[in-house]
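First up is the structure itself, then whatever we jot down about it.
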Protein chains: 2
Amino acid sequence: MELRILGCHSATPKPGEFPSAQALMAGNQWLLLDAGEGMQMQLRRYKVKFGRIKHIFITHLHGDHLYGLFGLLSTLRLLDRRTELHLHGPPPLERLLDEVFRASQVELTYPLHFHTVTADRPYQILDEKHFTVHSVPLRHRLPTTGYVIREKPKPRKLNPEAIARHPEIGIWAYHKLKAGEDFIREDGSRIPNDELTLPPPPPRQYAYITDTAYLPGIIPHIEGSDVLYHEATFADADAALAEKTFHSTARQAAMVARDAGVGKLVIGHFSSRYPDPRVLLDEARAVFPNTEMAFEGKILSF
Amino acid sequence: MELRILGCHSATPKPGEFPSAQALMAGNQWLLLDAGEGMQMQLRRYKVKFGRIKHIFITHLHGDHLYGLFGLLSTLRLLDRRTELHLHGPPPLERLLDEVFRASQVELTYPLHFHTVTADRPYQILDEKHFTVHSVPLRHRLPTTGYVIREKPKPRKLNPEAIARHPEIGIWAYHKLKAGEDFIREDGSRIPNDELTLPPPPPRQYAYITDTAYLPGIIPHIEGSDVLYHEATFADADAALAEKTFHSTARQAAMVARDAGVGKLVIGHFSSRYPDPRVLLDEARAVFPNTEMAFEGKILSF
């Protein structure tokens, strides 16, 4: 997987500080996570090819996660896109898009399929060839959903040295070996699969959790993530404000990362009240050392 | 007046190429003209103080003139604005804003007054202390209005040398002299106003004309403008495309400028098909030499 962070600030953006928007390469396609204002410009800046976008996921309908969507969908029309696009988000989004495009009197050139994501329970919302996407209900001021993208197990790898020792294994058998089957000779005897193949790299998992109050209940749903992006709007000194506005502190994000045993934590959605958000990074690292700070243009391969 | 161009490209923006958005300083307030995506960031970048924005004018509801409005209005709320804001635009805009803010479940902290601008006839839409604003119906794919901002005549200037020759003129009379009245002595005799005062600087006028097909009918409404901003989406070679999409070529913009006798023409709203829009500038200058090209961050004082 490869993650490109296009925007990671909370509302009231300043020049060069874009609101929430990410692109994740999974299964040879770009998944878009949230669509803050300016997203289409950021997609171009960071070389995310529009033609390889098939699914867009919106966490909730606050403007700093949404107001770049209308422009992006319009631009895809102007680029004469014809392939279908899938949009996953809270129920009112479908009607809102209708209103926006009706006001502009534009018709899209491509089929736009809207998939309602309800925030009442966690469930699998997408099953693609190479990955699945699950929703994770969060706790914010309006219905909000996080997303977990999980690669499917890859086929086992052939062990060329082991196979060379058995001339009776023809190329025709490789497919079954990769799928984990034993090799069965003509006489019915069998070579166990694990003598001929190596385990595949473990499937990767990415969790995108924003915006939310501190919510340990999500831990079972994000466990085992290689990378967790978790909002960290406030510093510890403003914990009361975090609670009041249904946001998390950096320390709370780190507690979730630690208790879910994720590989790496990336914090973002910084309030503009912190001229230097490294204070948030320090507070998170005190709890979960393998924490990194999001920034526009950050690329993570895992 | 002072004009700051915040964005001047047509749809499908690229990094650093913002869609239509301008700020005009008139009568000690910033008037905003259109609100393309990213406008709030551009306002900050080019030092347009949010607190001095009172009126916003939207020409039409295509996304490249509109999709920055939602974010700007939301940010004013987060900045806890309390003073009223006036929004002028086509009728469906009011309902659209209702839908957007209902979806986000946000309430504005300030009174937002919506003023419908109908594109059926030119008329005065605003009468402020120091200037007026008139609408100019344009010809585009959906109802579209240009705007003409006209300063009111300033008071005449006192001529200190002339007044010094008449010790009978007290300070109490200055106000009436500035208003153009003659000075009347106690014996009833009179000193003509033009012996005591100088004419004020002529009132300034700015015309904002976008998006539109070539439309000579607007000329009487924009005559006498010190600066005319006119869209110039296409080059002459693409005149057929301009006609089909209800846009103007650079040459057509220049013809309007010439026939309206404006002081200066600024062209913008360039199609992304021209890697170097100077080809548009050359075509316009062949018809109207005093033409300049818009660019993000351009400032014009007049």
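The values are calculated or read from the model by the stated rules, or taken from the named source; none is laboratory data. The structure displayed is predicted, hence computed values, not measured ones. Here the Cβ is made from the backbone with ideal geometry for all residues, glycine too, and neighbour counts use every protein chain on show. For accessibility, only protein heavy atoms count, side chains too; no ligands or nucleic acids. Shrake-Rupley method; radii C 1.70, N 1.55, O 1.52, S 1.80 Å.
Do we have A:Thr83 as touching a residue at least 24 places away in the same chain (Cβ under 8 Å), among the hydroxyl-bearing types (Ser, Thr, Tyr) and out of contact with any Ser or Thr (no Cβ under 6 Å at 6 or more places or on another chain) here?
Judged against the criteria, A:Thr83 is a match.
If I go through the range A:108-131 residue by residue, how many of them are in contact with a Gly (Cβ under 6 Å, 6 or more places away or on another chain) and open to solvent by 60 Å² or more (accessible area, probe 1.4 Å)? Result for the range A:108-131: 1.
Among the residues of the range A:48-69 satisfying the criterion of being more than 11 Å from chain B (Cβ to nearest Cβ) and open to solvent by 20 Å² or more (accessible area, probe 1.4 Å), which is nearest to A:His9 (Cα to Cα)? Within the range A:48-69, the match that is nearest to A:His9 (Cα to Cα) is A:Lys49. Say whether the condition of being more than 11 Å from chain A (Cβ to nearest Cβ), of a type outside the set (Phe, Trp, Tyr) and crowded, with 19+ Cβ neighbours inside 10 Å is met by at least one residue in the range B:86-105. Yes, the range B:86-105 contains at least one residue that is more than 11 Å from chain A (Cβ to nearest Cβ), of a type outside the set (Phe, Trp, Tyr) and crowded, with 19+ Cβ neighbours inside 10 Å. For the range B:246-302, filtering for residues that are of a type in the set (Val, Ile, Thr) and surrounded by fewer than 16 Cβ atoms within 10 Å (Cβ to Cβ) leaves 2.
Considering only the range B:74-84, state which residues are surrounded by 15 or more Cβ atoms within 10 Å (Cβ to Cβ), more than 9 Å from every other protein chain (Cβ to nearest Cβ) and of a type outside the set (D, E, K, R). Selection gives B:Leu76 alone.
From A:Arg52, A:Arg121, A:Arg82, which residue is at pLDDT 95 or above and out of contact with any strand residue (DSSP E or B) (no Cβ under 9 Å at 6 or more places or on another chain)? Steps first, please.
Numbers: A:Arg52 fails: out of contact with any strand residue (DSSP E or B) (no Cβ under 9 Å at 6 or more places or on another chain); A:Arg121 fails: out of contact with any strand residue (DSSP E or B) (no Cβ under 9 Å at 6 or more places or on another chain).
Being at pLDDT 95 or above and out of contact with any strand residue (DSSP E or B) (no Cβ under 9 Å at 6 or more places or on another chain) holds for just one of A:Arg52, A:Arg121, A:Arg82, which is A:Arg82.
Checking the stated criteria, B:Gly7 turns out to be within 12 Å of chain A (Cβ to nearest Cβ) and surrounded by 19 or more Cβ atoms within 10 Å (Cβ to Cβ). When the criteria are applied in full, A:Arg45 meets the requirement of being open to solvent by 10 Å² or more (accessible area, probe 1.4 Å) and touching a Pro at 6+ places or on another chain (Cβ under 7 Å).
Applying a threshold of 9 Å to beta carbon distances and a minimum spacing of six or more residues, or different chains, the list of pairs starting in the range B:129-140 at a residue that is among the aromatic types (Phe, Trp, Tyr) and ending at one that is open to solvent by less than 20 Å² (accessible area, probe 1.4 Å) reads B:Phe131/B:Ala26; B:Phe131/B:Leu31; B:Phe131/B:Ile149.
For the range A:139-244, no strands (runs of 3 or more DSSP E) sit wholly inside it while including 2 or more residues that are loosely packed, with under 12 Cβ neighbours inside 10 Å and modelled with pLDDT under 95.
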